[in-house]
Structure formats: structure tokens, C-alpha cells
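The values are calculated or read from the model by the stated rules, or taken from the named source; none is laboratory data. Just so you know, these numbers come straight off a predicted model, no measurement behind them. Backbone-built Cβ (ideal geometry, glycine too); neighbour counts: all protein chains shown.
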Amino acid sequence: MKKKGQNRYEIRFSGSGGQGMITAAMIFAEAVGVHDGKYVCQTQSYGPEARGGKSKAEVVISEVPIDYPKARHLDLLLAMNQAACDAYFQDLSPRGLLVVDSSLVEQYPTSRIAALPFTAIARDELGREMVANMVALGAIGILSGQVNADSLEKALLARVPAGTEELNRKALHRGMEEAAKIKLDALPRSLLNDDEV
């Protein structure tokens, strides 16, 4: 639970190796730090297999210098598959938001959730399942409220392979569009019962 005046915001991008979670986190961190001028730390870890094993990357954002670089109480958890959702949900803070790829996650451990079909959008609308991470990135940009949309696009275009800029830009904007439909104020205020808050 955040205390008044606490300005640290923690995000974890999680999925399996090959889903591009580390790339998404690096772009997010660059947008926040280089383009928006906030303090930011980005860390990552892989499972035992580079492709197919669990993969996570964290971004910690603050208006003041960051004293500890790793996430302790997640404000937002992105889970791109069921295994990541199950493994990392316990680290979400009571008032945190769980964002899942509803194409691949079927069991939700909370009602404070934004479920969006990142993989289906990438595959069916954009023709490339591999840009699901960029669809998710756009959604996280909107749902977190921590980054300027223009900054996110600039950071993305500086990092993606030459020749894929337009595809990735479209993916980013589709994620933003989907996230903009979600009414965060309509979600339950907390993962705790009212008498526990």
C-alpha cells in the first residue's frame, strides 16, 4: 500500500522467454528516463531456458533518486501467460493492477484486473504474433499513467529493428486504444476487503 507522498512506482513485465518482455521493459524505461526525465531503474531475469522459460523485467520509476533498484510491491503486473500470472501475482501490492493477455490467461486471481487480448490483436489484426509485446507496451503506458505516449513512441522507434518501425508503431497504438477503453475508476479499489484497508 502506498503512503502519502511516496512517489515510487513499480512495474513487472512477465511472460515466457521469446515473448519480448525484456525489450518492452527496456523501451518503457528509456521513455520514462531519457524522454520524460524521471529517475528509473530497469532490471531483468530469465528462467533456465532462454526461450520458453519464465522471463521477467522490472521498471522502478521515481521523482527522486532510487535507493533500491528491484521491485518490492508491484503497482502494476503485466502477465503475458498463465504461468507468469500464477508465479508473480503474490508480489502485487494491495492497490496494484494486474494486466493480463486474455488470449493466454484464463484464470484471474483478482477482480482488479485489465484483461486485454494482446496476442490475438497482434496475430489477427497486425498479422505478426511477435508484436504482442508492443501491443502490451502501449496498454501499460496508458494504464500506468507513468509515461508520455509520445515518449513511448520515440523510445520504441529508436529500439526496434530497421524496417519494422511502422508495424511496431501500429502495435503500440492498438494497445493504447484498447487500454483507453478500460475505466480504472470502475475497478475495485483494493485487493483487500474494505475492513482491511
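In the set ASN133, ASN81, ASN148, only one residue is among the polar types (S, T, N, Q) and surrounded by 23 or more Cβ atoms within 10 Å (Cβ to Cβ); that residue is ASN133.
Going by the conditions given, is GLY96 on the phi < 0 side of the Ramachandran plot and surrounded by 19 or more Cβ atoms within 10 Å (Cβ to Cβ)? Criteria met by GLY96. Any residue at all in region 153-162 that's among the charged types (D, E, K, R), under 16 Å from the mean Cα position of the chain (by Cα) and modelled with pLDDT of 95 or more? Yes, because at least one residue in region 153-162 is among the charged types (D, E, K, R), under 16 Å from the mean Cα position of the chain (by Cα) and modelled with pLDDT of 95 or more. Might you check whether a residue that is closer than 22 Å to THR23 by Cβ, of a type in the set (Ser, Thr, Tyr) and touching a Leu at 6+ places or on another chain (Cβ under 7 Å) occurs anywhere in region 118-138? The answer is yes; a qualifying residue exists. Could you please let me know if ALA171 is over 18 Å from ALA25 (Cα atoms) and out of contact with any Asp or Glu (no Cβ under 8 Å at 6 or more places or on another chain)? It is false that ALA171 is over 18 Å from ALA25 (Cα atoms) and out of contact with any Asp or Glu (no Cβ under 8 Å at 6 or more places or on another chain).
When you check ALA31 against the structure, is it in a helix (DSSP H, G or I), in contact (Cβ under 8 Å) with a residue 60 or more places away in the chain, among the small types (Gly, Ala, Ser) and more than 18 Å from LEU143 (Cβ to Cβ), yes or no?
Numbers: in a helix (DSSP H, G or I): yes; in contact (Cβ under 8 Å) with a residue 60 or more places away in the chain: yes; among the small types (Gly, Ala, Ser): yes; more than 18 Å from LEU143 (Cβ to Cβ): no.
No: the conditions fail for ALA31.
The set of residues from region 103-115 being over 18 Å from LYS54 (Cα atoms) and either surrounded by 23 or more Cβ atoms within 10 Å (Cβ to Cβ) or of a type in the set (Gly, Ala, Ser) (or both) comprises SER111, ALA114, ALA115.
Yes/no per residue for (1) over 17 Å from the mean Cα position of the chain (by Cα); (2) under 17 Å from PHE13 (Cα atoms); (3) of a type in the set (A, V, I, L, M, F, W, C):
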{"position": "VAL34", "(1), (2), (3)": "yes, no, yes"}
{"position": "GLY37", "(1), (2), (3)": "yes, no, no"}
{"position": "VAL59", "(1), (2), (3)": "no, yes, yes"}
{"position": "TYR68", "(1), (2), (3)": "yes, no, no"}
{"position": "ALA79", "(1), (2), (3)": "no, yes, yes"}
{"position": "ASP101", "(1), (2), (3)": "no, yes, no"}
{"position": "THR119", "(1), (2), (3)": "no, yes, no"}
{"position": "GLY138", "(1), (2), (3)": "no, yes, no"}
